Amino acid sequence: MPVTTSYPGIYIEELPSTSRTIAAAPTSITVFIGYTHPFKTKQFDKPVRIFSFADYEREFGGLYRNVYLDNSVPYAVQQFFLNGGSDAYVIGLKPQLHPPAPESVTPFPKAQASIGTTAVLRALEPTDASSPMTASVSNLDAVENVADITISYGSRVEVFRGVKLVKKAGDAVNSIEVRLAGSSLVELVEAAAYGTYVSTSTPVLFQYAVVPNPSATTFSDGDFLPVFGDGQLLDKVDIFNLMVIPGVAHQTILSHALTFCERKQAFLIVDAPSNYKVKDIVDDPTVLDVIPKSTNGAMYFPYLNSLDPLTGSTIFIPPSGTVAGVFARTDTNRGVWKAPAGLETTLRNVSGVVDDGRMTDKQAGVLNDHSLNAIRTFPGVGSVVFGARTLVANNLSFQQWKYVSVRRMALFIEQTLYRNLGWAIFEPNDVPLWTALRTSVEAFMLSLFRQGAFQGTKPSEAFLVQCDSSTTTQADIDLGRVNLIVGFRPLKPAEFVIVKISQLAGQAQA
């Protein structure tokens, strides 16, 4: 504020700084969208922020397996954090049974098992023939109506000893209502009384009261599309950078997702359809035409082999969650301007690619020419991401956005400036404002240049920032506009390393 003088001497006045520091936007906050645990998800259809897989298990119930249910999301989130991811949102969709018409859509049921004359347990995990759950009663004291209860589900076992088959009022410590309240596998169906235990020599299998229609599915594009609507909860998330819809290659869903990502300056990681085989793609690359095209997306192939913690067996998982983790790891170690591909992008918790996805160099070349990024396995290296092209790479009209790293670098700059230049709104539109904008952005771009983010040996070759009377005319001022032009020379990945070898003429040979 101005100094008021009253006596001869020295007065100090602090002047406000015209320079503004620009903080870099994050680059790898990832949104996962898809079906989550039908019984343990706390909130469906709402973006929930998580920072570890333990957070996911607490909010969405963790891993599960069932012949009727899609379970791509929990495995994708697990792979994301194992491969370098650290920040994500998850939108869990509620799986419901969609049987053939004219049957109506119904919630996914819980299997049940009886361990007493009127004591019924309900499974809190989706069960089927490949992932059964059993309950057994042992050490039965028929006089006291006390026994041990064992619940088994895959590699998980819960044992409750000395459980009395009475209401809580009859025994506040060992009643079945109190003891089973701590179970993560089952819940007790409340009844007026629980009768007596049924002693069996073999475990009781949890079964559905009404077996789901074998032709039913839980997948419906109508579950996904509302997520991308204007003003919906995801639209109100402050910022995210990547989007993953694991295992989904549905044209309508991907079209809406890509449009949404373009509006939010985000990037979609797409899984190729699970039934694609290398030979089929090489023989007829037009099968890829069903995937919508956008500068804000890239597709990866094939599916991966991984060990299932629930069963200990090998399963096939879509690559998108793993690739998103590689994006995050590369951003942290090298920067968003580095292509998330190459021998350093080793995939963790992966034992290779599916057999139908193994390819030769020539086959990989065909995929690369058609904007399909390959995941390949090399001896002594492991499985790595070996492609870095966007969905529009083979479209001559979009050559400036051919590479994933170039497009993501532009999105990073856009998001950073969008989040940091709000202070300029309603400022006097004249030279002081233009100078402040230009110097702030130049300082930010210079910091990126010093990190090696641009092509060029000096700043004037690497980037351009303009904000003056040539960019903002009097007509713009009259309309309340100030125009800032920012340009940069991106680093493009070296896809093809060519070594030329020749023999020097006239050299003596040993």
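Computed from the coordinates by the stated procedures, all read-outs in this text should not be read as laboratory data. Remember, predicted model here, so these are calculated numbers, not experimental data. Glycine gets a Cβ as well: all are built from the backbone with ideal geometry, and neighbour counts include every protein chain shown.
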Rounded to 5, the percent of DSSP beta bridges in the chain classed as antiparallel: 70
Descending principal axes extents, region 1-113, alpha-carbon based, whole Å: 93, 34, 27
Inverse mean reciprocal Cα-Cα distance (Kirkwood Rh) of region 395-496, Å: 15.1
Exposure proxy order (Cβ contacts within 10 Å, fewest to most) of SER152, SER104: SER104, SER152
Amide hydrogen neighbours beyond the local backbone of LYS94, cut-off 5 Å, H modeled: ASP45
Protection proxy ranking of 89-100, 15-26, 305-316 - average other beta-carbon atoms within 10 Å, highest first: 89-100, 305-316, 15-26
Overall form of region 264-411 per C-alpha gyration tensor (a/c, 1.5; a/b vs b/c): oblate
Phi to ³J(HN,Hα) by Karplus 6.51 cos²θ - 1.76 cosθ + 1.60 over region 348-356, Hz, x for Gly, Pro: 9, 6, 10, 9, x, 9, 5, 4, 6
Neighbour net charge for PHE44 - beta-carbon separation under 14 angstrom, K R +1, D E -1: +1
Shape call, region 73-123: gyration tensor on alpha carbons, a/c limit 1.5: oblate
Euclidean distance between Cα centres, region 1-42 to region 232-294, Å: 34
In order through region 438-448: 3J(HN,Hα) via Karplus (6.51 cos²θ - 1.76 cosθ + 1.60), integer Hz, x for Gly, Pro: 5, 5, 5, 5, 4, 5, 5, 5, 5, 5, 5
Proportion of all alpha-carbon pairs of region 196-286 beyond 20 Å (%): 59
Cα convex hull volume per residue for the chain (Å³): 318
Two-site FRET efficiency, TRP423 against ALA193, from Cβ-Cβ distance with R₀ of 60 Å, rounded to 0.05: 0.30
Estimated [θ] at 222 nm from DSSP helical runs (n ≥ 4, -39500 (n - 2.57)) normalised by residues in the chain, nearest 500: -6500 deg cm²/dmol
Rounded if a/c under 1.5, otherwise prolate or oblate - region 109-205, Cα gyration tensor axes: prolate
Sequence-distant aspartates and glutamates (8 or more away, or on other chains) whose Cα lies within less than 18 Å of LYS94: ASP45, GLU57, GLU59, ASP70, GLU125, ASP221, ASP223
Likely footprinting exposure, THR416, THR252, THR30, fewest C-beta neighbours within 10 Å first: THR252, THR416, THR30
Separation between Cα centres of region 137-186 and region 320-377, rounded to whole Å: 49
Aspartates and glutamates with Cα under 14 Å of LYS164, excluding same-chain neighbours fewer than 8 positions away: ASP141, GLU144, ASP148, GLU177
Ranked TYR418, TYR276, TYR194, criterion: other C-beta atoms within 10 Å, fewest first: TYR418, TYR276, TYR194
nm² value of the averaged projected area, convex hull over the Cα atoms of region 59-154: 9.7
Karplus-derived HN-Hα couplings along region 6-16 (A = 6.51, B = -1.76, C = 1.60, θ = phi - 60°), whole Hz, x at Gly and Pro: 9, 9, x, x, 9, 10, 10, 10, 8, 9, x
Hits among aspartates and glutamates - C-alpha to C-alpha of LYS362 under 15 Å, sequence gap 8 or more where chains match: ASP280, ASP283, ASP284, GLU495
